[in-house]
1. Packing-wise, with mean Cβ within 10 Å as the measure, how do 170-176, 236-242, 39-45 rank, highest first?
2. List the lysines whose Cα lies under 19 Å from the Cα of Lys72, skipping any in the same chain that are fewer than 8 positions away.
3. Calculate, in nm to one decimal, what Leu251 and Ser29 gain on full extension: separation in residues at 0.36 nm each, minus their alpha carbon distance.
4. Under 12 Å Cα-Cα from Lys152, which aspartates and glutamates qualify once same-chain neighbours fewer than 8 residues away are excluded?
5. Applying a 10 Å radius around every beta-carbon, put 47-59, 140-152 in order of their mean neighbour count, most first.
6. Give me the dipole magnitude in Debye, nearest 20, for the chain about the Cα centre, with unit charges on the beta carbon: positive for Lys and Arg, negative for Asp and Glu.
7. Restricting to bridges with both residues inside the chain, how much of the DSSP beta-bridge set is antiparallel, in percent to the nearest 5?
8. Calculate, in nm to one decimal, what Gln262 and Ile239 gain on full extension: separation in residues at 0.36 nm each, minus their alpha carbon distance.
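Since every read-out is calculated from the coordinates, none of them should be taken as a lab result. Note that the structure is predicted; figures quoted are calculated from it, not measured. Here the Cβ is made from the backbone with ideal geometry for all residues, glycine too, and neighbour counts use every protein chain on show.
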Amino acid sequence: MICLDLHKTFKTTGGGLTLHLQTEVPKGSFVTLYGPSGAGKTSTLRMIAGLLKPDEGILLVEDVPWFDSSRKINLRVQKRQIGYVFQDYALFPNMTVRENLEYGCPEDSEISIDELLEFMELGQLASRKPQTLSGGQQQRVALARALAQQPKILLLDEPLAALDYKFRLKLQDYLFRIHRDFNFTTIMVSHDIGEISRLSDLVLVIEEGRVVRQGTPDEIFGNRQISGKFRFVGEVQGIEKHDIIYIVSVLVQNQLIKVVAQPSEMRGINMGDKVMIASKAFNPIIYKID
């Protein structure tokens, strides 16, 4: 269990933000921090990692204090057993793929670099420099380097945001495999509802520095009364009325999907809204995501 009760005040030219994050994260879970830009999601990751010092509070990881302002405990980054994957990868350009992994690997590591290269399908790229790799390949190297550190907690700051749809889906598969096979706690920042629904056990919705809602992806984004074999999240691009029905154009990733909707389904749905398309009794239905 990870227990957080952290306070931090940020002063900016536009005013400021008081972050008061109070929550618990079950060990071994995949948790996503979701919310508007500037709400405090990345700052939360940085405080967990030890890159940003809270003003006060406590951070317990499996009952071990990583930060406790009352006892003046603040473990250094190197002592926190975290793996951190940044949005811009942050690879060493002068090192090969193998050297990047070796740099992050402790001397007493039980993880073999060769096994890690094979697991991440990087064996044939081991002698290449990061600038010769595609975005998806660089992200796999960043993930592998984080794993080489044998973390208790894997922190992911919008790791797939810069990739196109095809690579995002593939990297999501890697993330799922990594989390399942290495059995550690993963905390990710993401704005992609489809990605969150696919990967997460728990979603923490953060607004203005506080957790305002938490639950499973279905509880946060979906309607628990609706079941089906498929669900897609997208944005409404067009609404056309035809007699007593509507034709709704929804952008799902990079594909435009047209859905036939009844007037009762269209109440409150407007252009630009986030919606979920689901199946019920073999018919696609559409509903707005709050």
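1. Working: 170-176: 17.3, 236-242: 12.7, 39-45: 22.7.
So the peptides 170-176, 236-242, 39-45, ranked by packing, come out 39-45, 170-176, 236-242.
2. Cα-Cα hits under 19 Å: Lys8, Lys53.
3. Stretched out fully, the Leu251 to Ser29 stretch lengthens by 76.9 nm.
4. Of all the aspartates and glutamates, those that pass the test against Lys152 - Cα under 12 Å, at least 8 places apart if same chain - are Glu62.
5. On the way: 47-59: 18.5, 140-152: 22.2.
Taking the mean over residues of other Cβ atoms within 10 Å, the ranking is 140-152, 47-59.
6. On the way: 34 positive and 35 negative charges, 77 e Å.
Around 380 debye, computed over the chain.
7. Numbers: 53 of 70 bridges.
That works out to approximately 75 percent antiparallel.
8. Values: separation 23, 0.36 × 23 = 8.28 nm, distance 1.19 nm.
Answer, rounded to one decimal: 7.1 nm.
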